[in-house]
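None of the figures in this text is laboratory data; all of them are computed from the coordinates on show. Every value quoted in this text rests on a predicted model; they were computed, and no experiment measured them. Note: ideal-geometry Cβ built from the backbone for every residue, glycine included; neighbour counts use all protein chains shown.
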Amino acid sequence: MTMLMPSVFYLFLFASEKKRMDFINTMQISPDSPDDQFAGILDVLRYTSKPVLLFNIASFGPSSSSFYMGIS
């Protein structure tokens with residue numbers, strides 16, 4: 001479980017940065033505004049490239065679960 005959390009953190013961090021840049025480019029916020037753009041699940045799907053998403057989904061598969069490894 002602890003190996004999966006950095007990749008989830010990266011996905012949300014990357015998506016929130018892309019969302020902020022998208023808002024700045026469309027002039028919805030100014031570049032001087034505070035960096036408080038948070039990404040949700042849909043933002044992660046929208047702003048993250050599909051190969052990166054597929055890699056992370058594969059790493060969350062059943063073989064990486066502690067339930068299937070017999071660890072409780």
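For a paramagnetic label modelled at 7 Å from the Cα of Leu42 toward its Cβ, which residues of region 1-34 fall within the zone defined by backbone nitrogen distances under 20 Å?
Only 11-29 fall inside the zone, counting backbone N under 20 Å.
So for the pair Asp22, Ser49, with labels modelled 7 Å out along Cα→Cβ, what separation do we get in nm?
For the pair Asp22/Ser49, the computed spacing is 1.7 nm.
Counting Lys and Arg as +1 and Asp and Glu as -1, what is the net charge of the other residues whose Cβ lies under 9 Å from the Cβ of Ala15? Kindly include the intermediate steps, with their values, before the conclusion.
Details: positive: Lys18, Lys19, Arg46; negative: Glu17, Asp43.
That sum, taken over residues with Cβ under 9 Å, equals +1.
Across all directions of projection, what mean area in square nanometres is found for the Cα convex hull of region 5-69? It would help to have the intermediate numbers written out before the result.
Working: hull surface 20.3 nm².
So the mean shadow area of the Cα hull is 5.1 nm².
Through the Karplus equation 6.51 cos²θ - 1.76 cosθ + 1.60, θ set to phi - 60°, convert the phi angles of region 37-43 into ³J(HN,Hα) values in whole Hz; use x for Gly and Pro.
Each residue's phi maps through the Karplus curve to give 8, 9, 9, x, 4, 5, 5 Hz.
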